[in-house]
Amino acid sequence: MIRIENIAMRFGKTAAVNGVSLHLDSGDSVALWGANGAGKTTLIRCVLGLLRYRGRITLGGHDVRRHGKRARLLVGYVPQEIGFYDDLGVAEAVRFFGRLKGLSHADAGATLDRVGLHGHEHKRIRELSGGMKQRLALAIALLGDPAVLVLDEVTASLDAVGRGEFLALLEQLSGMGRTLLFASHRIEEVASLAKRVAVLEHGRLKEVVPCGDFAARIARNAVLHLSIAAPIRKRAVELLSAEGLAPQLNGAGLLVPVAPEHKAVPFRILADAHIPVDDFELVSHEHAARIGTERMPEEDRP
Amino acid sequence: MTPRCVHVPCTLVVCLVLGPWGVAQARSVEQGAPATPVVSAPAEPGVLGRRIAAAGAGDIIEVEAGVYTERIRINKPVTVVARGRAVLDGGGNGDIVEITAPGVTLRGFTIRNTGIDLDQENTAVRVLAPRATIEDNTLEDILFGIDLREAPDSIVRRNTIGGKALDIARRGDGLRLWRSDRTIIERNTIHNGRDAIVWYSADVEVRNNYAYECRYGLHLMFSDRVTITENEFSRNSVGIYLMYSARVELRQNRLIGNRGPSGYGIGLKETDQFSVRENLIVGNRAGVYIDGSPFTDKQPGVFVRNTLAYNDIGITFLPSARGNELTDNNFIDNIDQVSIAGRGSLDANRFWKGERGNFWSDYSGYDQNRDGVGDFVHESRTLFENLMDREPALRLFLFSPAQQAIEFVGRALPAVRPEAKFTDEVPLMRPVSIEFVPGHGEGRGTSRLLLISGVVLLGLGGGILASARDGARDRIGRHPGAVGREGEIG
Amino acid sequence: MSALGILPTVGVERTPPSVLRNTMTIAQRELREAVRSRWFLLYTLAFAVLGLAVSFVSASGSGGSGLSGFGRTTAGLVNIVLLVVPLMALTAGAASIASDRERGMLSYVFAQPVWRLEVLLGKYIGLAASLLASLSLGLGACAVILAWKGIAARPASIVWLTGLSFALALGMLSVGMLISALARKASVAVGTAIFVWLILVFVSDLALMAGTVALRLRIEELFLLSLLNPLQVFKMWTLHGVDATLDVLGPAGLYASEEYGARLHVMFGAFMLAWVVLPLSAAAAMLSRRSPL
């Protein structure tokens, strides 16, 4: 369904994507995994024909560069963040994009029902919350029931509940045979939605692994991100180091690599020493390497 | 800026009352020859010549309808009258009628198709003797129309003279007088000719004529004591041009849309003791052009109660123009009301006298004591006009916002304010009301079409709006870039 | 949200909508947005009010003659058109693509099954329609006022003026869209548009005037140079159409009328067309070459 062959794309002198090849059959679901700046969004934009790339991309056999219109007709796209025409009515927006997708009359009501925007038809887009806008974007992406869905960090602006509902909807679509290509930062998203994971690093495709293997490896390489008040952070590092762990100071706390079967060990050590842990997060190794020091590269800016 | 004008209605009333009369008059001129069925078969050649030869002095020769292709020479004092549509056709060669005896009358003919030789001056009617009466003839497709050479005391009346459709340089004069004193020229219509020109002829009266699309509507050369009244000269290169003449009176003439490269309504060159009264001078390139006039200081040049409106230049003075007095004239929305060519000065001419000045549509003062005279002096000093007078090429920038920028600078910065071109100490607050004889050319009654165009345009605009509003509810306002970032669901 | 509804099975391949259809879809959307914007309202009102003021003044100024001053009215309206229409069209064009780009809307629309040229043309047509509406309303109101005031004017003049104003608007819109295609931010684009407007309206004319005086330009040079400014072309074309001669513009106008005569229509038309086609083509090239971000 999607064939990406030896794609290269540069922003000035920086190679944003380099030598990436990836094939997705119909019904496949591939997550693009990687730190910010690894080239996920760039790759997605190449697939949509938004950027000029070298190499070849086809969607359903249509060359994106030469027959972009026909190729994009197969795709429903949900961007990371969307700036609609603010003054457009919700139903009006659905009809507008429906016409662009060649639907003679898009049933705005039914389309909006599908994503839970029932009753918001007559609102202006600027009256919608960020989450509602995201759902509207999904509704528009689903117009004409495209075979391919391309999603770029779509849950980034959603809270936990919204994220869950959104994922459930996407899982259902994947189950109905849609081809999914999506970029994500979140392990649970990848685990529930992807069949395969394409790992990008500095614009290169490092590997493509089945989702199960990937989840296991992520778990194996898990890093605990602990939020600890600044004055006692140094003491926490000393304590954990003494127990054979390798903590690192980080802007807001500590990063501690942990074995999958011993993830709670640092908590016990710190609790014994009466050092309060304000919050924690389990992050991937790649992600951990960038937390705190990273800057968003240009291509990922909204 | 806005002239306080209340007498437009009264002018309209005048037009309405006089309108039908004017139309009837115009019709009578055009239908000089009675309309009878056209006889196309040519008459026997030489028949007119034989009849003239057979006639005695004082006879009336009636010529029946038909086409006569012979050259006609009238050498005895007879009256030659057309009965029905009698056509004298020159066949495209030479002259057609020549009058060599005094006291001849030629009436009611259609005379057409002279040669086109300018050197030979191919002429429809040439008069070489005094006291001729040429009336009610229709001259068509002719090079020279009526040519009076040393034919004093003649009358040229109610003729229609239409020139050949030639380039202006190859046309002849529709009407020419040469040493023909005391001639009366009235109610003629001349079009597509070169000039109507009067040479060395004194005491001539020119009245109620209409000339359009010629070079000079009327041109005087060395002709004194001529009165020119109630004529209309429209769309010629020049309406009336007076050269080297004296004691000329112009009254109640209409000079409209004369726009040739020189393009004057009235031009005065080295003319003396003239008066220009109650003329309507509208839409010409220059309404009045004054060069070296008055020629002597015997009498000031008189300009009274004229209306100069919508001309590119109202009056243009050459530096040689001195001693003119302008009072009670209306200067209405001429792009340049008064211009002085080159770097001359208007000091030697007066724009007010005693209590009477002129009406200036660009006068910006007011009249608190309500005496009809503005409380402030009218001074003409706009920077752009000043620039245009000095550098005529800059007229190209007329009507552009840059022109207004310059005028604004001229008003705002006294340092670059030009000297006042002239002053009128007693500017009139309201235009002087003048009753005019009705004219020929103006198209009236187009208001309805204008209204229709306006409504169609409004409909077009409204239609576009309606199509855009279709299905959308009214809400105005657009906030670019305001993207919600709340980030929560439900 | 979980209620997914009935989705038909995948596999039926549709054909993408035609160029015309997509262009018109985008044009309608753009027209709607333009008409709803407060700028449209503001400009239309300003235009109509100024035009009506000119019409009233010239209607009441016909003086003792009983004749109309429609030549003067036309001149006054020409002046207003020269001031307002380029500003309107330039800013509308400049805001169009750049503000979409700034909002991320441009790449979102480009990700739909459309060609970029369709988006550009659609926006152009939509904005052009909104400008046409604005012009027709303003000048139509003037015509009604003049007719009501009994001015005997040639209706063809006002139709001609409207037509040419629209042509000028098309040219300026085209320039505005080129600015928009080049600029990253809407504010920069609109600022540039206003700068260009200042140059076209004031600076180039004043410079040419100074050049005429200082360099003693010949009138034929002056005329040909003035053709480079679309505002001058509009003005001369309007006068040429209404009066069939440019002698009102002094020696340079006389030269143009005598040298070129009726061919002036073709010349003016060609220059105006160039102002429509060239910037729009450049904008199309920019848009298809650059990333829409």
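Readers should treat all values here as calculations from the given coordinates under stated rules, not as data from a laboratory. Since we're looking at a predicted model, the values are computed, not measured. No Cβ is skipped: glycine too gets one built from the backbone with ideal geometry, and neighbour counts run over all protein chains shown.
Okay, here's what the table says:
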item	result
DSSP beta bridges in the range A:2-211 [antiparallel fraction, %, rounded to 5]	55
Of the DSSP H helices in chain B, those whose Cα atoms cover at least 24 Å axially and whose Kyte score averages -0.5 or more	B:8-30, B:447-469
Candidate lysines for bridging to A:K123, where Cα separation is under 21 Å - those fewer than 8 sequence places away on the same chain excluded	A:K133
Nearby lysines by direct alpha-carbon distance to B:K164 (threshold 30 angstrom, same-chain neighbours under 8 apart not counted)	B:K269
Under the Karplus curve 6.51 cos²θ - 1.76 cosθ + 1.60, θ = phi - 60°, whole-Hz ³J(HN,Hα) for the range B:251-265, x wherever Gly or Pro sits	9, 6, 8, 10, 10, 10, x, 7, 9, x, x, 8, x, 10, x
Neighbour net charge for C:W160 - beta-carbon separation under 12 angstrom, K R +1, D E -1	0
Pairs beyond 24 Å (Cα-Cα), from A:K13/A:K101; A:K13/A:K206; A:K13/A:K69	A:K13/A:K101; A:K13/A:K69
Per-residue mean of C-beta atoms belonging to partner chains within 10 Å, peptide A:88-100	4
For B:T138, residues with placed amide H under 5 Å, excluding near neighbours	B:F109, B:T110, B:I111, B:T160
Relative contact order, percent, the range A:146-238 [alpha-carbon distance under 8 Å, six or more residues apart]	23
Shielding of B:227-238 by partner chains, average beta-carbon count, 10 Å	0
Relative contact order (%) - criterion: Cα under 8 Å, at least six apart; region: chain A	21
Amide H contacts under 5 Å for A:A194, placed H, 5+ residues apart	none
Dipole magnitude of the protein assembly as shown about its Cα centre (Cβ charges: Lys, Arg +1; Asp, Glu -1), debye to nearest 20	2140
Cβ-defined net charge surrounding B:L118, 14 Å radius [Lys, Arg +1; Asp, Glu -1]	-2
Among A:V148, A:V17, A:V209, residue whose mean-square fluctuation peaks in a GNM of chain A (springs only between Cα atoms under 10 Å)	A:V209
Derived scalar couplings ³J(HN,Hα) [the range B:269-274; Karplus, 6.51 cos²θ - 1.76 cosθ + 1.60; whole Hz; x for Gly, Pro]	10, 6, 10, 10, 6, 10
MRE, 222 nm, helices only [DSSP H, n ≥ 4, -39500 (n - 2.57), over chain B, to nearest 500]	-5000 deg cm²/dmol
Antiparallel bridge percentage (DSSP; both residues within the range B:251-401; nearest 5)	5
Interchain or long-range residues, amide H under 5 Å from B:T133's placed H	B:V104, B:T105, B:L106, B:I155
Reachable aspartates and glutamates, given that their alpha-carbon falls under 13 Å from the alpha-carbon of B:K421 and they are not under 8 places away in the same chain	B:D336, B:D347, B:E379, B:E385, B:D389
HN-Hα J in Hz across the range A:145-160 - Karplus 6.51, -1.76, 1.60, θ = phi - 60°, x for Gly and Pro	6, x, 6, 10, 10, 10, 10, 10, 6, 5, 9, 4, 9, 9, 7, 4
Other protein chain Cβ atoms within 10 Å, averaged over every residue that makes up A:25-32	0
Rounded to 5, percent antiparallel among DSSP beta bridges of the protein assembly as shown	20
Gyration tensor (alpha-carbon) shape descriptor, the range A:222-283, a/c threshold 1.5	rounded
Sorted by Cβ density within 10 Å, fewest first, the residues B:E270, A:E92	B:E270, A:E92
Within-14-Å neighbourhood charge of A:D28 [Cβ basis; K, R +1; D, E -1]	+3
Separation of alpha-carbon centers, the range B:446-463 and the range C:250-272, rounded to whole Å	30
Taking chain B and dividing mean pair separation by its residue count, relative contact order in percent (alpha carbons under 8 Å, at least six apart)	8
Top of A:L74, A:L128, A:L143 by mean-square fluctuation, Gaussian network on chain A, Cα under 10 Å	A:L128
